[in-house]
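Below is one structure, written out as structure tokens, with a few remarks after it.
The values are calculated or read from the model by the stated rules, or taken from the named source; none is laboratory data. Quantities reported herein were computed from a predicted structural model and do not represent experimental measurements. With ideal geometry, Cβ positions are generated from the backbone for all residues, glycine too; neighbour counts draw on all protein chains shown. Keep in mind that these areas ignore ligands, DNA and RNA; they rest on the heavy atoms of the full protein, side chains included. Shrake-Rupley method; radii C 1.70, N 1.55, O 1.52, S 1.80 Å.
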Amino acid sequence: MSVFVSGATGFIAQHIVGQLLEQNYKVIGTARSTVKADKLKSQFGNNPNLTIEIVEDISKPKAFDAAIKKHAKDIKYVLHTASPFHFDTEDIVKDLFNPAIEGTKDILESIKRHAADTVERVVITSSYAAIMDFDREADDTYKVTESTWNPDTWKTGQANAVRGYCASKKFAEEAAWAFLKENRDVVKFKLSVVNPVYVFGPQQFDSDVSAKLNTSCEIVNSLIHSSPESSFDPAGMYGGYIDVRDVAKAHLLAFQKEETIGQRLILHGGKFSSQDIADVLNEDFPQLKGKIPVGKPHTGVLGVGEKGVTVDNSKTKQILGFKFISFRQTIHDTAAQILKHEGKL
């Protein structure tokens, strides 16, 4: 039996594919082009357990139909990681809400049409954005858990592109739970959802280090390539962190463990701010000393474990049963890979 991974060339998905292959699963991934598919197969050493199907545009109706129909008898688990991520929009409903919702519903409909009797577990990569309250992230008195939902409505979610993206993740996840409820007698699969915060950590392959990285890692990358005179706000970026290797591990456990059925899993290893990233870079890499901003070391502007919303994901940690990689380790490993690629380590 095989594991179907949508968006297999993505930052998180590559780590998922890597861990699946390490555990001797057969993997059917999707990529947007033959070039991307061939590159990924080559990076994984043309592993015979890895097959890649082309799905050019996941926002198109029945985008996954051909791939799922082709492998319907073999697919036991589906991990839906593919999702558009951008803020470049003048029409939030058209560019963010609809693709997120329809993309999620589409892969579930494909399972219903072609693999209703074979797919046993589905894991959807959602986001902390589906949980957070946009207006209360800095509120010390506010607490969220796995049962908390982003309170934005169809109307309030259109305030701006960033808010629109967060709301789109909520609506897409809601659509998945609603689909399962409506089709409980038709499909046999059980659903789990993974809700990560900012995802740091190394790329699966050193060769994927580039001038601009995925959204979270680019925060580290841009700081590495800044200068002491660069404008630096110690609290310019803050939130929760998680390492990509832990996100991948959680996706596997999400279909391997009975306890994850019907659960939302908040992947949050603790809090960080821009200052915390700068501290790790300055302390761990002598070659960066004097070349990047120092900020205000150890002032705890919005530092690890300090101010803002309380994220209680104790339920998730208990279900998963493993300790998350530390903030220092994830930032160190992210930076070390970049510096190594550039011949500076």
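Relative to the longest principal axis of the Cα atoms of the chain, the long axis of helix 11-22 lies at roughly 60 degrees.
How large a share of the accessible area of the chain, in percent, is made up of carbon and sulfur atoms when the probe is 1.4 Å and the other protein chains stay in place? Walk me through the numbers on the way to the answer.
Details: 7600 of 15340 Å².
Roughly 50 percent of what the probe reaches on the chain is carbon or sulfur.
Extent along the principal axes, Cα only, for the range 98-254: 62, 40, 27 Å, with the longest axis given first. By the Kirkwood approach, averaging reciprocal distances over each pair of separate Cα atoms, the chain gets a hydrodynamic radius of 20.8 Å.
Overall, the range 210-251 carries a charge dipole of about 200 debye about its Cα centre when +1 sits on the Cβ of Lys and Arg and -1 on the Cβ of Asp and Glu, all other atoms neutral.
If DNA, RNA and ligands are ignored and the probe is 1.4 Å, what is the ranking of His341, His268 by accessible area, most exposed first? Don't jump to the answer; show the numbers that get you there.
Values: His341 100, His268 15 Å².
These residues rank, largest area first, as His341, His268.
The candidates Asp106, Asp284, Asp74, arranged from most to least accessible area with a 1.4 Å probe in the full protein assembly, appear as Asp74, Asp284, Asp106.
For the chain, what proportion of DSSP beta bridges, expressed in % and rounded to the nearest 5, is antiparallel?
Details: 4 of 36 bridges.
Here the share of antiparallel DSSP bridges comes out near 10 percent.
What share of the DSSP beta bridges in the range 187-270 is antiparallel, in percent to the nearest 5?
Values: 1 of 8 bridges.
Bridges in the range 187-270 that DSSP calls antiparallel: roughly 10 percent.
Normalising the average separation of contacting C-alpha pairs (under 8 angstrom, six or more residues apart) by the number of residues puts the relative contact order of the chain at 18 percent.
Looking at the range 142-298, the accessible area is 41 square angstrom per residue; that uses a 1.4 Å probe and ignores ligands, DNA and RNA.
For the range 171-229 versus the range 1-15, the inter-centroid distance based on Cα atoms is 12 Å. In this structure the amide hydrogen of Ile75, modeled in the peptide plane, comes within under 5 Å of the amide hydrogens of Ser2, none closer than 5 places in sequence on its chain.
Provide the convex hull volume over Cα atoms per residue for the range 49-177, in Å³. Numbers along the way, then the final one.
Working: hull volume 16.4 nm³, N = 129.
Hull volume over Cα atoms, normalised by residue count, gives 127 Å³.
Ligands, DNA and RNA excluded, the heavy atoms of Ser83 present near 50 Å² of accessible surface to a 1.4 Å solvent probe.
Within the assembled protein chains, the solvent-accessible surface assigned to Leu345 is about 120 Å², based on a 1.4 Å probe.
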